[in-house]
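> Before I ask anything, here is the structure I am working with.
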Amino acid sequence: MTDAIVSLLREDRQFLPSDSFRAAALVNSKEAYATLYERSLAEPANFWREATDALVWRQPWTVFQEGTGGSSTFFTDGKLNVSESCLDRHLKTPNAHKAAIVWEGEPGEVRVLTYRELHREVVRLAAALLDLGVKPGDRVAVYMGMVPEAAAAMLACARIGAVHSVVFGGFSSEALRDRINDSGAKVLLTQDGAWRRGGVVPLKAMADKAVENCPNLAHVICLRRIDSPAKCPIVLREGRDHDWATLLAAPRSVEASSLAKTPEAFSAEHPLFVLYTSGSTGKPKGLVHTSGGYLAGAHVTAKFVFDLKPTDLYWCTADVGWVTGHSYIVYGPLSCGASCFMYEGAPNAPDPSRFWRMIERHGITILYTAPTAIRAFIRWGDEHVVKHDLSSLRLLGSVGEPINPEAWMWYRRVIGGDRCPIVDTWWQTETGSILVTTLPGAVMSKPGSAGLPMFGIVPSLVTEAGEPCAANEGGKLLIDAAWPSMARTIWGDHERYLDTYWRAVPGKYITGDGARIDQDNYTWVIGRIDDVLNIAGHRIGTAEIESALVGHPAVAEAAAVGRPDELKGQALVVFVTVKSGQTAGPELRAALTEHIDKEIGKFARPDAIRFADALPKTRSGKIMRRLLRDVAAGNESKGDTSTLEDLSVLAALRGGKDEE
Ligand code: WTA
């Protein structure tokens, strides 16, 4: 067992919210939480009707759920327009002229978009998309950085019933191309470039390369963010490419203008977006989220977990390209009428105090970030934090990976001034919204534990043999029944969806995570137990890395595993055997790194590439990852090696450490 797990198992500290936090909280006692939770299970339709009361249902639903498990639909006969619930509904309230997005660019400029202004942008873009022929159900890819227009792009798609597929700006041209082709997108929204650590990420140039091989893609709309031919030259191809501002300023058809202004309502089960994530095969999965169920989940959790108040300036530091950005930068907080802060660049640009300077400058009240970022802040040193006044903060959040208790304690003490509750939120791209956490004014939190189930959610654990686990016994984390914001399918492959999530334990959703549930019903998530790695909070499939590597002409076989890493949670280690006639060495190592950059993206770069003459295999030819994980971590393998084909392979691998 690693030290981190031992300390997790021993962790018994508990923190109650302060009286002042509690006094103002939406849910302010354990009993109040329990009452809501029990109601969500006993009378789900009534619970959800009240909890989503603020959303605009053009046709109110009467059917809460139809079907079970992976065949469920929710709010089945309801109709809504998601962008109306996020924007239009606020225009008739005092929120109309309130900041929806406060944005800071990496170079330091600030833009504020009120709800009215964001609505206007979204309507204009929606009208332009309609005039380009985008119809309900059509897919629109979004490959942008952290600019307000990325949120506007998503909402504009939602407004006209187009299905957005946001591709994280850190993905390479090849990865973008595959995602565009898999979803069959016909329009791509992008930008010239994005600022990152003082440099420019040339998104348009990368998109150009991708769309060369995207036969269905008809239009590219390019925002000028950098807007400098010297710093970020771009080419707009006649007939295909449109300058964002010029397109939006062009005359519109009467139909498009009126439909964008007064949009259609769509079925609650109408797909809202596709978002690709890694699974246990080489092919990323496009998870499909719906309009009604997804929005309901994002809305209710944003409201209760972040305890949003009219005076908050809420900051989720995730990228819009990941699910956290979808649910907790865009749909959740905007449907609640919150003011959201958005930052374009890197946390240490130009220096490690950037985050804290922005919190002080803007008076940010809620900070929601990832454990890897927190551990980086610890490493960079408290001096960058303490010189700033962080007294505006009242609530902190963590997401994306297990948070080690030491980082949790530092976050509470140094960032939260021992005054802010921390919500550790467990969820996944598939779940759409937070499923396990501690409501901040209601219950105690325990450093390292995500906490208690959210409304309507029943987590449970089974052993390897499928038996229910006892309290505190580790096992596979399941969710016992379907919930509104769950993904409904994998784009184009419903069988894979049912196989991956619903069939191994019939009727229950398989998370792919290992966890234990303690005597207080608190869930402690240990991490992935499938072939998915969580590197610095980024989900990366081992098979994806391996299939990219074997695509390189010098590589015969490859195996990717995770090794515990103090900063990133897990580091990516790959073992590679080369084809005969190829030389393993520093040159090939550099070439393989570049190859991963190109095939997937720089964020998936291996931390170590180790060459081997052979990989350890079972007699039936399966690579023994368990052994490789031990080798990567530098541990003597305690595991069973009796099925290993050739023990000398293992000995050779152990000896090869200097090759990293
Ligand atoms: C992990 C990100 C522990 C988990 C929202 C999950 C966590 C995967 C937590 C999903 C947490 C996320 N504590 N582990 N609070 N939050 N995870 O799809 O392994 O990018 O299965 O969604 O991240 O990653 P994804």
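The values are calculated or read from the model by the stated rules, or taken from the named source; none is laboratory data. Because the structure is predicted, anything quoted here is derived from the model rather than measured. Reconstructed Cβ throughout: ideal geometry from the backbone, glycine too, with neighbour counts over all protein chains shown. Just so you know, the surface numbers come from the protein's heavy atoms only, side chains and all, with ligands and any DNA or RNA stripped out. Shrake-Rupley method; radii C 1.70, N 1.55, O 1.52, S 1.80 Å.
> I need the full set of residues from segment 316-325 which are open to solvent by 10 Å² or more (accessible area, probe 1.4 Å) and among the small types (Gly, Ala, Ser), in order please.
Narrowing segment 316-325 to residues open to solvent by 10 Å² or more (accessible area, probe 1.4 Å): 317-319, 322-324.
Of everything in segment 316-325, just one residue is open to solvent by 10 Å² or more (accessible area, probe 1.4 Å) and among the small types (Gly, Ala, Ser), namely Ala318.
> Counting only residues that are of a type in the set (Gly, Ala, Ser) and closer than 17 Å to Val550 by Cβ, which one in segment 593-652 is modelled with the highest pLDDT?
To start, the set of residues in segment 593-652 that are of a type in the set (Gly, Ala, Ser) comprises 601, 604, 608, 612, 614, 620-621, 632-634, 637, 639, 642, 648, 651-652.
Of the ones still in play, those that are also closer than 17 Å to Val550 by Cβ are 604, 612, 614, 621.
Details: Ala604: 95, Ala612: 91, Ala614: 91, Gly621: 84.
Among residues in segment 593-652 that are of a type in the set (Gly, Ala, Ser) and closer than 17 Å to Val550 by Cβ, the one modelled with the highest pLDDT is Ala604.
> Shifting gears a bit: Under 9 Å between Cβ atoms, at least 6 apart or on separate chains: pull out the pairs that start in segment 346-357 with a residue that is touching a residue at least 12 places away in the same chain (Cβ under 8 Å) and end on any residue that is open to solvent by 30 Å² or more (accessible area, probe 1.4 Å) and small (Gly, Ala, Ser).
Partner pairs satisfying both residue conditions: Ala346/Gly198; Ala349/Gly198; Pro350/Gly198.
> May I pose another question? Which members of segment 444-471 meet the condition of being within 16 Å of the ligand (Cβ to nearest atom), within 18 Å of Val300 (Cα to Cα) and open to solvent by 10 Å² or more (accessible area, probe 1.4 Å)?
Leu452
> Additional query: Only one residue in Asp424, Asp493, Asp480 is within 16 Å of the ligand (Cβ to nearest atom) and either in contact with a strand residue (DSSP E or B) (Cβ under 8 Å, 6 or more places away or on another chain) or open to solvent by 10 Å² or more (accessible area, probe 1.4 Å) (or both). Which one? Can you show your working first?
Values: Asp493 fails: within 16 Å of the ligand (Cβ to nearest atom); Asp480 fails: within 16 Å of the ligand (Cβ to nearest atom).
Going through Asp424, Asp493, Asp480 in turn, just one is within 16 Å of the ligand (Cβ to nearest atom) and either in contact with a strand residue (DSSP E or B) (Cβ under 8 Å, 6 or more places away or on another chain) or open to solvent by 10 Å² or more (accessible area, probe 1.4 Å) (or both): Asp424.
> Identify, please: which residue in segment 427-443 is in a loop (DSSP other than H, G, I, E, B) and among the polar types (S, T, N, Q) and is, among those, farthest from the ligand (Cβ to nearest atom)? Even if it seems obvious, please write down each step before you answer.
Narrowing segment 427-443 to residues in a loop (DSSP other than H, G, I, E, B): 427-435, 438-443.
With the extra rule that they be among the polar types (S, T, N, Q), the set shrinks to 428-429, 431, 433, 438.
Details: Gln428: 4, Thr429: 3, Thr431: 8, Ser433: 9, Thr438: 11 Å.
In this case the residue turns out to be Thr438.
> Mind listing whichever residues of segment 375-399 are open to solvent by 50 Å² or more (accessible area, probe 1.4 Å), free of Cβ contacts under 8 Å to residues at least 40 places away in the same chain, over 18 Å from Pro17 (Cβ atoms) and not acidic (Asp, Glu)? Give the steps one after another, and end with the answer.
As a first pass, look at segment 375-399 and keep what is open to solvent by 50 Å² or more (accessible area, probe 1.4 Å): 378-380, 382-383, 386-387, 389, 391, 394.
Subsequent filtering for residues that are free of Cβ contacts under 8 Å to residues at least 40 places away in the same chain retains 378, 380, 382-383, 386-387, 389, 391.
Checking the rest, the ones that are also over 18 Å from Pro17 (Cβ atoms) come to 378, 380, 382-383, 386-387, 389.
Within segment 375-399, Ile378, Trp380, Val386, Lys387 qualify.
> Would you kindly identify the strands (runs of 3 or more DSSP E) lying entirely within segment 159-252 that contain at least 2 residues that are of a type in the set (D, E, K, R) and surrounded by fewer than 21 Cβ atoms within 10 Å (Cβ to Cβ)?
Working: elements: 163-166, 187-191, 194-196, 199-201, 219-223, 241-243.
Those strands (runs of 3 or more DSSP E) span 241-243.
> Please determine, by comparing only the residues of segment 400-414 that are within 15 Å of the ligand (Cβ to nearest atom) and free of Cβ contacts under 8 Å to residues at least 60 places away in the same chain, which one is nearest to Thr324 (Cα to Cα).
Only one residue fits best here, namely Ile403.
> Within segment 263-289, which residues are buried (at least 24 other Cβ atoms within 10 Å of the Cβ), within 16 Å of the ligand (Cβ to nearest atom) and assigned to a strand (DSSP E or B)?
Answer for segment 263-289, where residues must be buried (at least 24 other Cβ atoms within 10 Å of the Cβ), within 16 Å of the ligand (Cβ to nearest atom) and assigned to a strand (DSSP E or B): Phe273, Val274, Leu275, Tyr276, Lys285, Leu287, His289.
> Here are some conditions: (1) touching a helix residue (DSSP H, G or I) at 6+ places or on another chain (Cβ under 7 Å); (2) within 15 Å of the ligand (Cβ to nearest atom). Gly397 meets all but one. Which one does it not meet?
Against the list (1) touching a helix residue (DSSP H, G or I) at 6+ places or on another chain (Cβ under 7 Å); (2) within 15 Å of the ligand (Cβ to nearest atom), Gly397 comes up short only on (1).
> Let me ask another. Of everything in segment 579-588, what is crowded, with 18+ Cβ neighbours inside 10 Å and either out of contact with any strand residue (DSSP E or B) (no Cβ under 7 Å at 6 or more places or on another chain) or at pLDDT 95 or above (or both)? Give them in sequence order.
Within segment 579-588, Leu588 is the sole residue that qualifies.
> Then there is this: Name the residue, out of Leu461, Leu478, that is modelled with pLDDT of 95 or more and out of contact with any Phe, Trp or Tyr (no Cβ under 7 Å at 6 or more places or on another chain). Even if it seems obvious, please write down each step before you answer.
Values: Leu478 fails: out of contact with any Phe, Trp or Tyr (no Cβ under 7 Å at 6 or more places or on another chain).
Just a single option satisfies the conditions, and that option is Leu461.
> Somewhere in segment 133-153, is a residue touching a Pro at 6+ places or on another chain (Cβ under 8 Å) and either closer than 17 Å to Tyr331 by Cα or modelled with pLDDT of 95 or more (or both)? Write out each step before concluding.
Of the residues in segment 133-153, the ones touching a Pro at 6+ places or on another chain (Cβ under 8 Å) are 137.
From the residues that got through so far, the ones that are either closer than 17 Å to Tyr331 by Cα or modelled with pLDDT of 95 or more (or both) too are 137.
Looking through segment 133-153, at least one residue is touching a Pro at 6+ places or on another chain (Cβ under 8 Å) and either closer than 17 Å to Tyr331 by Cα or modelled with pLDDT of 95 or more (or both).
> With segment 322-395 as the region, which helices (runs of 4 or more DSSP H) entirely inside it contain at least 2 residues that are more than 30 Å from Cys157 (Cβ to Cβ)?
Working: elements: 332-335, 354-362, 371-380, 383-386.
The helices (runs of 4 or more DSSP H) meeting that bar are 354-362, 371-380, 383-386.
> Name the helices (runs of 4 or more DSSP H) wholly within segment 1-105 that hold at least 2 residues that are at pLDDT 95 or above and under 30 Å from Ala153 (Cβ atoms)? Break it down stepwise before answering.
Details: elements: 3-10, 19-24, 30-42, 44-51.
Helices (runs of 4 or more DSSP H) meeting the threshold: 44-51.
> Also: I need a count of the residues in segment 290-314 that are part of a strand (DSSP E or B) and surrounded by fewer than 24 Cβ atoms within 10 Å (Cβ to Cβ).
Number satisfying all stated conditions: 1.
> Take the residues in segment 496-521 that are over 30 Å from Gly184 (Cα atoms) and open to solvent by less than 50 Å² (accessible area, probe 1.4 Å), then tell me which one is nearest to the ligand (Cβ to nearest atom).
Checked segment 496-521; the qualifying residue nearest to the ligand (Cβ to nearest atom) is Asp513.
> To continue, here is another question. Being aromatic (Phe, Trp, Tyr), within 14 Å of the ligand (Cβ to nearest atom) and open to solvent by less than 10 Å² (accessible area, probe 1.4 Å): is that true of Tyr328 here? Give the derivation first.
Working: aromatic (Phe, Trp, Tyr): yes; within 14 Å of the ligand (Cβ to nearest atom): yes; open to solvent by less than 10 Å² (accessible area, probe 1.4 Å): yes.
Here the answer is yes, as Tyr328 does meet what is asked.
> Something else: Does Leu390 qualify as being within 16 Å of the ligand (Cβ to nearest atom), closer than 25 Å to Phe15 by Cα and in contact with an Asp or Glu (Cβ under 8 Å, 6 or more places away or on another chain)?
Numbers: within 16 Å of the ligand (Cβ to nearest atom): no; closer than 25 Å to Phe15 by Cα: yes; in contact with an Asp or Glu (Cβ under 8 Å, 6 or more places away or on another chain): yes.
So Leu390 does not fit the description; no.
> Go through segment 607-624 and report how many residues are surrounded by 21 or more Cβ atoms within 10 Å (Cβ to Cβ) and polar (S, T, N, Q).
0
> Kindly indicate whether Gly70 is within 24 Å of the chain's Cα centre (by Cα), surrounded by fewer than 23 Cβ atoms within 10 Å (Cβ to Cβ) and farther than 20 Å from Val320 by Cβ. Write out each step before concluding.
Values: within 24 Å of the chain's Cα centre (by Cα): yes; surrounded by fewer than 23 Cβ atoms within 10 Å (Cβ to Cβ): yes; farther than 20 Å from Val320 by Cβ: yes.
Here the answer is yes, as Gly70 does meet what is asked.
> Return the residues of segment 522-555 that are within 16 Å of the ligand (Cβ to nearest atom) and polar (S, T, N, Q); say none if nothing qualifies.
Thr523, Asn534, Thr542
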